[in-house]
Amino acid sequence: MLGRLIINADLVVKTGLHIGGGSSSVEIGGIDNSVIKNHKGEPYIPGSSLKGKLRSLTELAHNKMGKNEKGDNLPCNCGDCFICKIYGVSASEEIKNSDRLPTRIIVRDAFLKDSIAEDMRKKKGEFKDLELGYTESKWENSIDRLTSKANPRLFERVPEGTVFDLEVIYTIYNEEDINNFKHLIEGFQFLQDDYLGGNGTRGYGKVELNNIRFFIKTIKDYTSKQFGDIKASVNEINDTWIKNLKEQMTSTK
Ligand SMILES: [Zn+2]
């Protein structure tokens with residue numbers, strides 16, 4: 001292993017975000033579809049959701065999406081392409097090839113930024129009209145195709161302006177991983193042009209990554225050092241920046 005790269009960023013919600021909480025979550029105020037929350041009752045973004053989205057957008061862009069016999073989309077599971085290296089393969093594939101290096105990225109669950117959670121609790125500024133603790137509700141109409149009857153359902157959403165603390169850890173085993181890093185950044189860019197969570201086609205879930213900070217931990221000196229400037233947005237990361245990173249990782253091994 002050469003080291004690890006730790007990426008911290010603000011994940012900013014630009015349009016109402018709905019990541020479903022499943023059946024175990026407590027239903028309140030007649031909401032049919034609640035969002036996932038932590039033990040404190042605050043909404044969060046599961047790392048697995050974000051990682052899955054980054055992977056599928058990258059697979060779509062590079063035509064790497066696999067298909068099963070029924071023609072459903074499946075993640076690539078070849079184990080050799082950059083997508084499998086970054087995002088991993090299925091557990092069964094991992095057992096078959098135990099000499100394979102582990103999945104390169106870890107996406108942590110993203111929790112509300114402290115100052116934002118505080119503003120929400122105090123109903124400050126843009127959160128002054130927040131109906132439910134940390135969320136809002138919105139009616140969505142779907143039309144029954146057989147009866148043409150409207151079927152309104154109430155969705156819980158994380159409101160625009162919410163900021164989550166994002167942390168992604170990228171492990172670098174070899175030079176190839178340094179080269180593949182650009183595909184992770186590309187995934188972040190694809191995400192900004194797509195959506196996170198449900199109801200994306202109704203305009204939900206537009207997000208942006210801002211205030212991006214990179215920290216390098218080389219294996220020789222396992223302390224965290226900030227690499228480069230804070231990037232105001234993910235679009236500022238260019239080839240020169242990645243080249244500098246490469247030099248820094250390889251010169252300290
Ligand atoms: Zn693959």
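Just a few scattered comments:
For every residue, the table says whether it meets (1) open to solvent by 40 Å² or more (accessible area, probe 1.4 Å); (2) assigned to a strand (DSSP E or B); (3) within 16 Å of the ligand (Cβ to nearest atom); (4) modelled with pLDDT of 90 or more.
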| position | (1), (2), (3), (4) |
| --- | --- |
| Asn8 | no, yes, no, yes |
| Ser24 | yes, no, no, no |
| Lys40 | yes, no, no, yes |
| Lys70 | yes, no, no, no |
| Ile86 | no, no, yes, yes |
| Glu94 | yes, no, yes, no |
| Leu101 | yes, no, yes, no |
| Ile106 | yes, yes, no, yes |
| Ala117 | no, no, no, yes |
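- Scope region 230-240; condition surrounded by fewer than 17 Cβ atoms within 10 Å (Cβ to Cβ), without any contact (Cβ under 8 Å) to a residue 40 or more places away in the chain and in contact with a Lys or Arg (Cβ under 9 Å, 6 or more places away or on another chain); matching residues: Ile230
- Residue count for region 215-253, restricted to those that are closer than 11 Å to Ile178 by Cβ and basic (Lys, Arg): 3
- Region 44-68, residues that are within 30 Å of Asp114 (Cβ to Cβ) and within 11 Å of the ligand (Cβ to nearest atom): Arg55
- In the condition set (1) modelled with pLDDT of 90 or more; (2) among the hydroxyl-bearing types (Ser, Thr, Tyr); (3) open to solvent by 80 Å² or more (accessible area, probe 1.4 Å), Ser148 is compliant with all but (1).
- Complete set of residues in region 46-68 that are open to solvent by less than 40 Å² (accessible area, probe 1.4 Å) and assigned to a strand (DSSP E or B): Gly66
- Those residues of region 170-218 which are β-branched (Val, Ile, Thr), within 23 Å of Ile36 (Cα to Cα) and either open to solvent by 10 Å² or more (accessible area, probe 1.4 Å) or modelled with pLDDT under 95 (or both), in sequence order: Thr201
- Contacts under 9 angstrom Cβ, first residue in region 129-153 being over 17 Å from Gly20 (Cβ atoms), partner among the polar types (S, T, N, Q) and surrounded by 10 or more Cβ atoms within 10 Å (Cβ to Cβ), 6 or more apart: Glu131/Ser137; Asn141/Asn151; Ile143/Asn151; Asp144/Asn151; Ala150/Ser142; Asn151/Ser142; Pro152/Ser142
- Scanning region 155-180 for residues that are under 21 Å from Met120 (Cα atoms) and assigned to a strand (DSSP E or B) yields Phe155, Glu156, Arg157, Val158, Val163, Phe164, Asp165, Leu166.
The values are calculated or read from the model by the stated rules, or taken from the named source; none is laboratory data. Keep in mind it's a predicted model, so treat the numbers as computed, not measured. Because the Cβ atoms are built from the backbone with ideal geometry, glycine has one as well, and the counts that use them run over all protein chains shown. Calculation scope for accessible area: heavy atoms of the full protein, side chains included, ligands and nucleic acids excluded. Shrake-Rupley method; radii C 1.70, N 1.55, O 1.52, S 1.80 Å.
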